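Accompanying notes for the structure given below.
The values are calculated or read from the model by the stated rules, or taken from the named source; none is laboratory data. In this text, all values refer to a predicted model and were calculated from it rather than measured experimentally. No Cβ is skipped: glycine too gets one built from the backbone with ideal geometry, and neighbour counts run over all protein chains shown. Side chains included, ligands, DNA and RNA excluded: accessible areas come from the protein's heavy atoms. Shrake-Rupley method; radii C 1.70, N 1.55, O 1.52, S 1.80 Å.
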Amino acid sequence: MNLSTIALLIPLLPLLGFLMNGIGFRRLPNALAALIACGAALASFVCTLLLWFNDGATAKVFHYFDWLTVGTFHTGFSFLIDPLSLVMLLVVTGVGSLIHLYSVGYMHDDEGFGKFMAFLNLFMFSMLLLVLGSNYLVMFIGWEGVGLCSFLLIGFWNKNAEYNAAARKAFVMNRIGDLGFLLGMFLLAMYFNTLEYQEIFAKAGSVFGVDDAVIVAITLLLFVGAMGKSAQIPLYTWLPDAMAGPTPVSALIHAATMVTAGIYMCVRSNALYNLAPTTLHFIALIGLATSIVAALIGLRQNDIKKVLAYSTVSQLGLMFTAVGVGAYGAAMFHLVTHAFFKALLFLGAGSVIHAMSGEQDIRNMGALRQHLPITFFTFLIATLAIIGFPALSGFFSKDGILASLYAHNLLLWGLTGLSAMLTAIYMLRLLFVTFFGEFRGTAEQKHHLHESPLTMTLPLMILAVLSAVGGYMNMPAFIAEGRNYLDQWLSGVITMPQAHLSHATEWTLTIFTSAMVFVVLAATWLLYVSKGNVPVADSEQRGFTKLLAHKFYVDEIYNALFVYPLMRLSRGWSEFTEKGIDWIVNGSGILVKNISNLTRQFQTGDVGNYILATVLGLICFLAVHFLG
């Protein structure tokens, strides 16, 4: 089998799984549906490995057919296999396969099991198309596909009106970003007469100068698309609401697929962004603001999935901050490690919710480590990884970003460090309140507490290993010279040179951030374990705490500024059109009725009246004839 066919199989296998489960979901037994869905995802992962080990470092374009031809403009359906796409493919298919396996255990009692597995396959197909495309048009098709799949999966339990509202919110907010992406594509097509990455990137430097107004407009519009897909201010509020979907969906969206699409698109377009420093500054500001705001909100959330959701928004902001200073490699590194520990956190949260019979408020949990030992231990590793505990994956990837920011701007480093410290606080709060202290649930919940089945715990254990050792793929030079394998792998795709710090400076920064992690660890342990504090009830929240718990009232502000006025306008227009149409229809009927009533007066049935009318008519006729 040649490489072109293998590349084609990567998205086609999940698509085939979707078709089989989608068509036969009412008839196929759950075991067969699970085998098809998981088998398709795993086979895509194997195909990706085959490409990786077959000269994966060399960029290759596989053209399958001509797609769009308008005059001299041609766009084909083709895939680009290069180091960047292979890294993303491994994340999507590898982590995605584990989430598929976990879903078998989590959703096994759901009556829509086959349909759910079909949607998961469709989600993976769309994301793979997005990653594999050799041009912006194929990327956009995948881009829209993941948007559609998120709508289907977030609103999977569509008998619940709240879940449907969350699905619609995700769909609408993503469409706002998609408009920016679409306009950016139009400008690219106008100025380059192609949408192929390699042709555009090769010509960009000769077509535009640095900070040319057009290239700034193009990169800003593309970033607007990324803001929607990767949940950045002001288009971030859909992501926490996306928790309405089943937990494996949250893991898939937050870790391996949809939200990483914006990061991938910006890194893929680094040749364009390098020509637009103004856009990069804007990206850094948006990323930093998103990271801090989401981290602050995360401090006072008590829904276990909502805490993780705001953590995702914050971590994505961190990645965009890195992109904003040109540290594309650091952003991709954190994207990979984040996929490991964030998928693990969400799946661990699902295991907790599964054991607690649907309970999601951490104030009603406690002491779960005794009943869910595998879930606790793996959740612990993921938490330590995301806070940057030394030697775990997040330690290396987060410090890579912080070092890049320090070399670029001291204030940016300080504020990002603050965001990282806030992350440590709310994640450790989540861990300690959920798994330590006294059990605060009901007696019935306590009676049914149990560890999840192997189909759910096996993915947790694999992801825990990856969360622990994943950082060793890209160790900094001051710790291990020459072992920055990911940077070396991506060096041919990422072109902006990075500022370098001395080893002494990097050691100082690392010791300082590690010390902060230990300080936060000790403080939160004292507060939530030694003293046994539990977050206060909603009714007792006051001042700034209440402001954070209500997420700065951003949803309420959006509702007041956009949603309610549009709803009133829609209702007014609806009433106007309805009444207008009613008036025309009813008025026509009334007019005909009145005319009929009038003419009916002449139909009396009296022969004398008819003779009189005939005579009068004859007189009138003769008078007109002779007088005329």
Inset, instruction - Starting from residues that are of a type in the set (Ser, Thr, Tyr) and in a strand (DSSP E or B), keep the ones in segment 67-110 and report whichever is surrounded by the fewest Cβ atoms within 10 Å (Cβ to Cβ). - result: THR69
Inset, instruction - Check every one of the helices (runs of 4 or more DSSP H) wholly within segment 374-484 and list those with 3 or more residues that are hydrophobic (A, V, I, L, M, F, W, C) and more than 21 Å from LEU347 (Cα to Cα). - result: 393-408, 410-435
Inset, instruction - Could you please let me know if ILE581 is open to solvent by 60 Å² or more (accessible area, probe 1.4 Å), more than 30 Å from ASN302 (Cβ to Cβ), among the aliphatic types (A, V, I, L, M) and at pLDDT below 90? - result: yes
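One line per residue, one yes/no per condition, for (1) at pLDDT 95 or above; (2) out of contact with any Cys (no Cβ under 9 Å at 6 or more places or on another chain); (3) open to solvent by 10 Å² or more (accessible area, probe 1.4 Å):
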| site | (1), (2), (3) |
| --- | --- |
| CYS149 | no, yes, no |
| TYR163 | no, yes, yes |
| MET173 | no, yes, yes |
| LEU183 | yes, yes, yes |
| THR194 | no, yes, no |
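For every residue, the table says whether it meets (1) over 29 Å from the mean Cα position of the chain (by Cα); (2) open to solvent by less than 50 Å² (accessible area, probe 1.4 Å); (3) modelled with pLDDT of 90 or more.
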| site | (1), (2), (3) |
| --- | --- |
| THR457 | no, yes, yes |
| LEU460 | no, yes, yes |
| LEU466 | no, no, yes |
| GLY492 | no, no, no |
| LEU509 | yes, yes, yes |
Legend entry - Meets criteria (at pLDDT 95 or above and open to solvent by less than 40 Å² (accessible area, probe 1.4 Å)) for THR219: yes
Inset, instruction - Go through segment 331-363 and give me each residue that's over 20 Å from TYR310 (Cβ atoms) and either modelled with pLDDT of 95 or more or open to solvent by less than 10 Å² (accessible area, probe 1.4 Å) (or both). - result: MET332, PHE333, VAL336, SER351, ALA355, MET356
Inset, instruction - Name every residue in segment 149-184 that is over 15 Å from LEU272 (Cα atoms), assigned to a helix (DSSP H, G or I) and small (Gly, Ala, Ser), in order of residue number. - result: SER150, ALA161, ALA165, ALA166, ALA167, ALA170, GLY177, GLY180
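What tally of residues in segment 266-291 results from selecting those that are of a type in the set (Phe, Trp, Tyr) and either in contact with a Cys (Cβ under 8 Å, 6 or more places away or on another chain) or crowded, with 22+ Cβ neighbours inside 10 Å (or both)?
Summing the residues that are of a type in the set (Phe, Trp, Tyr) and either in contact with a Cys (Cβ under 8 Å, 6 or more places away or on another chain) or crowded, with 22+ Cβ neighbours inside 10 Å (or both) in segment 266-291 gives 1.
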Inset, instruction - Kindly indicate the residue of segment 468-490 that is open to solvent by 60 Å² or more (accessible area, probe 1.4 Å) and not β-branched (Val, Ile, Thr) and also nearest to VAL95 (Cα to Cα) among those meeting that condition. - result: TYR472
Legend entry - Residues of segment 500-551 that turn out to be more than 20 Å from LYS306 (Cβ to Cβ) and of a type in the set (Phe, Trp, Tyr), as a count: 4
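Kindly evaluate ARG300 against the criterion of being under 19 Å from the mean Cα position of the chain (by Cα) and not aromatic (Phe, Trp, Tyr).
No.
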Inset, instruction - Looking only at segment 123-133, decide whether some residue is assigned to a helix (DSSP H, G or I), without any contact (Cβ under 8 Å) to a residue 40 or more places away in the chain and either β-branched (Val, Ile, Thr) or open to solvent by 40 Å² or more (accessible area, probe 1.4 Å) (or both). - result: no
Inset, instruction - Could you please tell me which pairs satisfy a Cβ distance under 6 Å, a separation of 6+ or placement on different chains, a first residue in segment 53-73 that is at negative phi, and a second residue that is of a type in the set (A, V, I, L, M, F, W, C) and open to solvent by 60 Å² or more (accessible area, probe 1.4 Å)? - result: none
